[in-house]
Amino acid sequence: MIFGHELSTQLKNGCKNENFLKSNQGNPKTCKKRVFKAFHCEFIGGISIDCKKVIASYWNIRSSTYTNGVNGFDEEERAVWKQIFENSLSSSKRLNVLDVGTGAGFLALLFAEMGHKVTGVDLSLGMLEKAKHNAQNMGLEIDFFHGDAENLPFEDSYFDLVTNKFLLWTLQQPDCAVREWKRVLKPGGMVFAIDGDWFDPRPSRRIKRTVYEWADRFTKKNPHNSVFKDCYGPIRSSLPLYEEISPKKASFLFSENGFVNTSINLLLEVQNFKKSRQSFPQRILGSNSIFLISGQKKIE
Ligand SMILES: C[S@@+](CC[C@H](N)C(=O)[O-])C[C@H]1O[C@@H](n2cnc3c(N)ncnc32)[C@H](O)[C@@H]1O
């Protein structure tokens, strides 16, 4: 695990373009030998930065406090999500599901609970430890792998469903990732991608975010806010959807990369449920909208 001081040294000194995922080739049954692409270093302010190393390092640090509903288990919220997925799936058969950027395993656990066979992939080893721990605690069998959403360690046409939540915004090459998700899907397989407009650049949203951050700092609710800025500040311009994500744009990303029957769900049930649990200041300041894009891989 890379900690704060190592990370800032990396940011100051740049990095070697080493291939740190080489060691993990995934499950030999499900993976064909794929050579991981060398990571793409960006020159930012004259310094070469390996964005993925920075991202993995941030999420390793963040994994110590990241729950996103996994530990704080709110069964009612989970029931709302399950209903949305059940409505979005055309059949009730047991599916082979891949959750990309699984984090602490929110979606992986949910789909496993719904009776599906689930595999989770993440760039951060710290997050994967957390996800494994959560699965164990819930008595669920899920395979977790260290891997990159843009270069998955799985064979073609293997999964029935690829899911991801709050991942698109942090990808360096979203086009490449979407094509990878299509590659590992069986013909007719589905993708569910959930994200939100976290860093909407409009002034009114910036002001709200600044007030929210101050409140966070004051209440020490998110001790990792400054680490987030140190990590994502220098690389955000290399992440095409960091600021520029909207349901329409995300949906276009999928149709442009060969998915058919794409649709947008504004997840009003989840948003209303969350609002019903928020305090008044949270409702006023925390108005991110989230959405689900679904699409299907063409049946040749
Ligand atoms: C905001 S968290 C979301 C985690 C989880 N999906 C959830 O909703 O709770 C983003 C996750 O994406 C992972 N991630 C970022 N870039 C990735 C990539 N290129 N490949 C795989 N995982 C990635 C991070 O390590 C982190 O766990």
Exercise for review: Go from 0 up to the bin containing the longest alpha carbon distance in region 136-177, width 5 Å each, and give me the % of pairs per bin.
Suggested key: 5, 15, 23, 25, 18, 10, 4, 0
**Study point:** At q = 0.11, 0.13, 0.16 Å⁻¹, base-10 log of I(q)/I(0) for region 118-254 (Debye sum, equal scatterers on each alpha carbon)
**Key:** -0.51, -0.71, -1.01
Revision key, fill the gap. Among trypsin sites (Lys or Arg not before Pro) in region 82-119, those in a DSSP loop whose Cβ has at most 14 other Cβ atoms within 10 Å are Lys93, Arg94
Exercise for review: Using amide H atoms built 1.01 Å from N in the peptide plane, name the residues 5+ places from Ser289, or on other chains, whose amide H lies under 5 Å from its own.
Suggested key: Asp197
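Calculate, in nm to one decimal, what Ser92 and Asn272 gain on full extension: separation in residues at 0.36 nm each, minus their alpha carbon distance. Don't jump to the answer; show the numbers that get you there.
On the way: separation 180, 0.36 × 180 = 64.80 nm, distance 2.64 nm.
Taking 0.36 nm per residue and subtracting the Cα distance, the gain is 62.2 nm.
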Review point. With θ set to phi - 60° and the Karplus curve 6.51 cos²θ - 1.76 cosθ + 1.60, what are the ³J(HN,Hα) couplings of region 140-146 in order, to the nearest whole Hz, using x for Gly and Pro?
Key: 10, 9, 9, 8, 10, 10, 7
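Taking the convex hull of the Cα atoms, report for region 73-193 its projected area averaged over all directions, in nm².
Details: hull surface 28.1 nm².
Taking a quarter of the hull surface, the average projection is 7.0 nm².
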Point to revise | Virtual paramagnetic centre 7 Å along Cα→Cβ of Glu300, amide N under 11 Å, in region 171-194 | key: 187
Check your understanding: Hey, got a sec? Which GluC sites (Glu not before Pro) in region 102-157 land in a DSSP loop and have at most 14 other Cβ atoms within 10 Å?
Key -> Glu141
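A short reminder: the numbers here are calculations on the coordinates, not readings from a lab. These numbers were taken from a predicted model, which means no experiment stands behind them. Ideal geometry is used to build each Cβ from the backbone, glycine not excepted, and the neighbour counts take in all protein chains shown.
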